[in-house]
Amino acid sequence: MQYSELGRTGLKVSRVCLGTMTWGEQNTEAEGHAQMDYALERGINFWDTAEMYAVPPRPETQGSTERIIGTWFAGRGQRDKVILATKIAGRSPMSWTRDNQSITRHTAEQIDEAVEKSLKRLQTDYIDLYQMHWPDRAIRVFGGMTYQDYADDYESFEAILENLDRHVKKGNIRHIGVSNETSYGVMKFVAEAERRGLPRIASIQNAYNLVNRTFEYGLAEIALREQVGLLAYSPLAQGYLSGKYSGGALPPGSRKQLFNRLQRYEGPGAAIAMESYFALARELGVRPETLALKFCDTRPFVTSTIIGATTQEQLRICVDAFDMPWTQAISDKVDALHEAQPNPCP
């Protein structure tokens, strides 16, 4: 297993990050525990979760993933071997997340509530990386390229950092990060932190994969120059880049069959682009998911790639993918396919 520094924190995180969002919905507690055991055996020391999980978000399962991680910590006694990341929900109508049934925001009161609840569910005294799952600002997130009017009603960057800083000083949080964020948002957080001596974001967790390379237009330069690397989520495009949905297939128990929430990867040109990458994988003699995952791993602005699996075999295949040899010739072929069909699934 290879490791990278998380921003400027001095923490060394595995290039593979264990995603957990299926635990408590598609996966049982025992299965989640088995995945954590296996991940640690393979040298994966970086795990990512969120207060919102399991997915899809609903009141009955909210917080269940953090609770499963918490029982693993309590039972295994290996908290010190894990760099744990979790997230606070951004602006949303998920009122069941808060005690007073308000919409989720990044106010001081809600940050306090979210941090304390996560610590309790996770059965830990501290969170290594606390991320804003998506912004408090009302902006376009989770796909799409068209402009929408942005509302002025949002918590200021300074206020959010000050509220998080209180928890850093208490020792509840070690470092902070953002997710589903824009170039503007990242630079505002960095500028306010440096100007006011507040916690500096260490990472950006955004979607990034073969059919969505929009991160490269602006955010990649920020990630490198400001040392706030990408934690790439959805590297398999919610399973589409594994090829399991190719030709209209609908495997029983798959996320699409269970929840039908994969529209981000079903837009115009998506199928054509994906088939071109499947053909390249066949030419190279590798699994399509191996090509997709290793592609993310080779990008210089990526700190870690987040993988998720519902079976132990899927988890093994994903971890093994990072051992694939990569050459400039492969990179050139991937770029040629990208230029022919750029970002069909932004």
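What follows is calculated from the coordinates using simple rules that are stated; it is not laboratory data. Predicted model, so just to flag it, every value in this text is computed and none were measured. Cβ coordinates were reconstructed from backbone atoms using ideal geometry, including for glycine residues, and neighbour counts include every protein chain displayed.
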So what's segment 187-346 giving for Rg/Rh, alpha carbon basis, Kirkwood Rh from the mean inverse pair distance?
-> 1.00
Can you sort 86, 146, 28 so the residue with the fewest Cβ neighbours within 10 Å comes first?
-> 146, 28, 86
In nm, give the distance between the simple-model label positions of residue 156 and residue 34, each being 7 Å from the Cα along the Cα-to-Cβ direction.
-> 5.2 nm
Can you grab the distance from the C-alpha centre of segment 15-89 to the C-alpha centre of segment 104-172, Å, no decimals?
-> 20 Å
If you stretched the chain out fully between residue 337 and residue 249, how much longer would it get, using 0.36 nm times the residue separation minus the C-alpha to C-alpha distance?
-> 29.3 nm
Taking 338, 167 and counting other beta carbon atoms within 10 angstrom, the fewest-first order is 338, 167
Value in Å of the Kirkwood radius, where segment 125-186 supplies the Cα pairs that are averaged = 13.0 Å
Can you give the FRET efficiency for residue 298 and residue 78, using 1/(1 + (r/R0)^6), R0 = 35 Å, r = Cβ-Cβ distance, to the nearest 0.05?
-> 0.70
25 Å tail of the calculated P(r), segment 1-123, as % of Cα pairs = 26 percent
Given charges at beta-carbon only (K, R positive; D, E negative), |dipole| of segment 162-223 in Debye | 320 debye
Isotropically averaged projected area of segment 3-205, using the convex hull of Cα atoms (one quarter of hull area), nm² = 11.3 nm²
Residue separation between residue 140 and residue 2 times 0.36 nm, minus their alpha-carbon distance, gives in nm 46.3 nm
Quarter of the surface of the C-alpha convex hull for segment 35-75, i.e. direction-averaged projected area in nm², equals 3.2 nm²
Spatially proximal aspartates and glutamates relative to residue 120 (Cα-Cα < 12 Å; intrachain offsets below 8 disregarded) = 51, 66
Cβ charges +1 (Lys, Arg) and -1 (Asp, Glu), total dipole of segment 3-205, debye | 480 debye
Go through 307, 35, 334 and say which Cα lies farthest out towards the positive end of the charge dipole of the chain; charges sit on Cβ, +1 for Lys and Arg, -1 for Asp and Glu.
-> 35
Between 247, 229, 143, find the one with the highest GNM mean-square fluctuation for the chain; connect C-alpha pairs within less than 10 Å.
-> 247
Determine, from the Cβ-Cβ distance of residue 147 and residue 225 and an R0 of 25 Å, the FRET efficiency 1/(1 + (r/R0)^6), rounded to the nearest 0.05.
-> 0.45
